[in-house]
Amino acid sequence: MKEYRDQRLIRLLKLHLAKKPKQKMPIWTKSFKGLLNLFLETNCPLCQRHTPDTFCQYCTKQLQSCHLKNPSYLWQQPLPVFGWGSYGGGLKRAIATMKYDNQPQIAHTLGQFLGETWLLKSPQQDRQLVVVPIPLHPSKQKQRGFNQAALIAESFCQTTGLKLQINGLERIKETQAQHILSASEREKNLADALAVGQAFRRRPPDAPVLLVDDIYTTGATAKSAVYTLKQSGITVLGLAAVATAVTYPRH
Ligand SMILES: [Zn+2]
């Protein structure tokens with residue numbers, strides 16, 4: 001009886017080994033190859049050249065030429081700002097492509113750049129911080145599909161090891177595009193646009209906040225974020241931005 005069962009098992013096993021690779025492997029190999037192609041043979045989102053990285057060598061060079069020699073040149077009160085690059089050329093193109101051409105993977109690379117520079121040149125290296133991205137209004141986020149500041153902050157924290165609180169702030173009012181408004185209109189536009197997020201309402205942070213955004217220009221949004229957090233007794237150390245578009249004097 002046992003011998004019969006063993007022979008039957010061996011026969012079944014042989015049948016399985018003979019058939020399975022022929023029937024299943026090609027499908028599996030095909031889809032695996034397809035996946036590999038998807039990852040390995042991507043195009044640079046800025047110039048469409050083939051590259052295994054986010055950007056091709058040419059565009060990486062263009063981006064690196066925007067890298068600030070002194071990322072802390074705006075690190076001063078009332079709002080200390082740390083920046084990776086100056087807003088122009090390749091960096092401006094990369095940010096525009098990320099936001100308006102649906103390329104969220106660019107945010108990951110830019111967040112990594114910012115994180116690496118923070119580790120090397122941070123003005124406040126030893127401090128415990130909680131990283132909070134500048135939020136988008138939910139309807140705008142739905143339209144874009146992602147909040148670039150949140151993706152940058154996520155990658156920034158992966159690189160630096162700092163704590164991330166994605167919902168530290170909320171945007172509760174839809175605002176008009178800031179660049180078409182005057183300075184006073186901007187402030188009015190932003191008043192009450194932000195609120196302390198659910199995460200901090202439940203439990204305030206045990207360390208100062210470092211805000212993260214893609215671009216720092218007039219600082220109106222960042223100032224509004226600082227004001228909102230301060231109202232709830234939360235300290236803000238400053239803002240880390242991938243690109244800064246400011247030269248002295250600051251507004
Ligand atoms: Zn390129």
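The values are calculated or read from the model by the stated rules, or taken from the named source; none is laboratory data. No experiment lies behind these values; they were computed from the predicted model shown. Positions of Cβ are generated from backbone atoms using ideal geometry, with glycine treated the same way; all protein chains shown enter the neighbour counts.
Scan ALA243, ALA193, ALA220 and give me the residue that is at pLDDT 90 or above and either in contact with a Gly (Cβ under 6 Å, 6 or more places away or on another chain) or among the small types (Gly, Ala, Ser) (or both). When all the criteria are applied, what remains is ALA243. With the structure loaded, tell me whether PRO78 is modelled with pLDDT of 95 or more, in contact with a helix residue (DSSP H, G or I) (Cβ under 9 Å, 6 or more places away or on another chain) and in a loop (DSSP other than H, G, I, E, B) or whether it fails that test. Taking the combined requirement at face value, the residue does not satisfy it. Assess whether LYS61 counts as being more than 23 Å from LEU194 (Cα to Cα), at pLDDT 95 or above and within 13 Å of the ligand (Cβ to nearest atom). Yes. In this entry, HIS50 passes the filter for residues that are over 19 Å from GLY238 (Cα atoms), in contact with a strand residue (DSSP E or B) (Cβ under 7 Å, 6 or more places away or on another chain), within 14 Å of the ligand (Cβ to nearest atom) and not hydroxyl-bearing (Ser, Thr, Tyr). Sub-6 Å Cβ pairs linking a first residue in region 134-160 that is without any contact (Cβ under 8 Å) to a residue 24 or more places away in the chain to a second residue that is part of a helix (DSSP H, G or I), at least 6 apart or interchain, are ASN147/GLN141, ordered by first then second residue. Of the residues making up region 138-159, those that are under 13 Å from the mean Cα position of the chain (by Cα), among the polar types (S, T, N, Q) and in a helix (DSSP H, G or I) are GLN148, SER155, GLN158, THR159. The condition of being within 19 Å of ALA149 (Cβ to Cβ), in contact (Cβ under 8 Å) with a residue 40 or more places away in the chain and within 10 Å of the ligand (Cβ to nearest atom) holds for only one of PRO45, PRO71, PRO80, that being PRO45. For THR117, the criteria (1) of a type in the set (Val, Ile, Thr); (2) more than 16 Å from the ligand (Cβ to nearest atom); (3) farther than 23 Å from THR218 by Cβ hold in every case but one, which is (3). Just one of the numbered conditions (1) more than 19 Å from TRP118 (Cα to Cα); (2) touching a His at 6+ places or on another chain (Cβ under 8 Å) is not true of TRP84: (1).
Listed here are the residues, each with its yes/no results for (1) within 16 Å of the ligand (Cβ to nearest atom); (2) modelled with pLDDT of 95 or more.
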| site | (1), (2) |
| --- | --- |
| TRP28 | no, no |
| LYS33 | no, no |
| ASN37 | no, no |
| THR54 | yes, no |
| CYS66 | yes, yes |
